[in-house]
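The numbers here are math on the coordinates, done by the rules we state, and not lab data. None of the values given here were measured: they were computed from a predicted structure. Because the Cβ atoms are built from the backbone with ideal geometry, glycine has one as well, and the counts that use them run over all protein chains shown.
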Amino acid sequence: MKKRLFTIVQYIFFLGLGFFFVWLSLKDIDHEKRSQIKSALRHARYWLIIPVFAILFTSHLIRALRWKLLIGSLGYHAKTSNAFFAVMIGYLTNQAVPRLGEIAKCTMLARYEKIPADKLIGTIILERVIDAITLLIVFGITLVIQPDIYTDLINAFFHSPQDKTQKKIPGLLIAAIIIGMLVIGVIVWMLVKKKKFNDLFKIFRRIGKSVWQGISAVQHLKKRWLFIFYSIALWSFYFIGGYIGFYAFLETQQYGIKEGFAILSAGSVGMIATPGGIGAYALLIEKTMEIYGLKEGIALAFGWVLWLSQTAVILIGGLFSFAALPYFNKKESIEKI
């Protein structure tokens, strides 16, 4: 009962945080910003929605193919169509209740492929470990290309990057504040949970073990190079989707690779921060683009257009998959008879 109550409170908190970010993003819209948004939307290249949708759907298909490799390593076989439908259903469920989507997609695939759900859960954990490692690599590439990007992004939350009169907060001070907050958070958690430093060490060791198990599991895959290829292709398509998004607005078409990595990093954090990235994704993209001199109103529109595009793909694909999964499997069962 306590665990369920904690889950509900946790969900309400992060959903509330998402709506707070929505308010934070929209609260300062004045006449000038409204005019910028209208101008950007009036001259937008809406036909680019087609290739962006195709790229996003392809990325989800690649995720399904990569998942199939992990399932195959356990000695089970899943049809590509079923794996894809289950992935889309998982994404859609996560829009409503974070992390429930992972259970939903395993349950749906287990039902139609006769694979034990607990075995599938293990593959999902491994996928998340690999994605976390890949995301860290993306952060690293972004930092190498633009050493001050994360400092600039944090500064953007305190004042407009266009305001040259404001003094920037030093990077070392920002790092000290973040480390201090993490230390305080850990101490509070230890006091509430009545944990000791030994317990904390065990948690870090468990995390390190999970990461190592993830890397080791890939090494022992029969088709490990195909798995690595799918992982690189997956994140490459995420990058390309955002990169093409630059060409949607006349005001953003001059941006390139370094800005593409920046929005990929910021957007990934936004998607993790709140259910479905609501509020957080658009706000982080908006602040990131302001760093590069994009007008605040256009940056706001750009962030929301990217988020709405991704959300639309999940809603369309997820709802279609809910209907398609039983239909295609029922049709196949009838054909076998």
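Assorted remarks:
- Separation of the I145 and W23 label points, Cα + 7 Å toward Cβ, nm: 3.5
- A crude spin-label estimate for the pair E32 and F322, with each label 7 Å from Cα along the Cβ direction, gives 4.4 nm.
- Computed about the Cα centre, the dipole magnitude for segment 254-337 is approximately 240 debye when only Lys and Arg (+1) and Asp and Glu (-1) carry charge, each at its Cβ.
- Relative intensity, log₁₀ I(q)/I(0), of segment 12-63 from a Debye sum that treats every alpha carbon as a point, q = 0.17, 0.31 Å⁻¹: -0.86, -1.01
- Segment I12..L48, full-extension length gain: 9.4 nm, with 0.36 nm per residue of separation and the alpha-carbon distance subtracted.
- Nearest-0.05 FRET efficiency for I121 and A233, computed from C-beta distance (R0 25 Å): 0.55
- Between L135 and L226, the simple label model (points 7 Å from Cα in the Cβ direction) yields a spacing of 2.8 nm.
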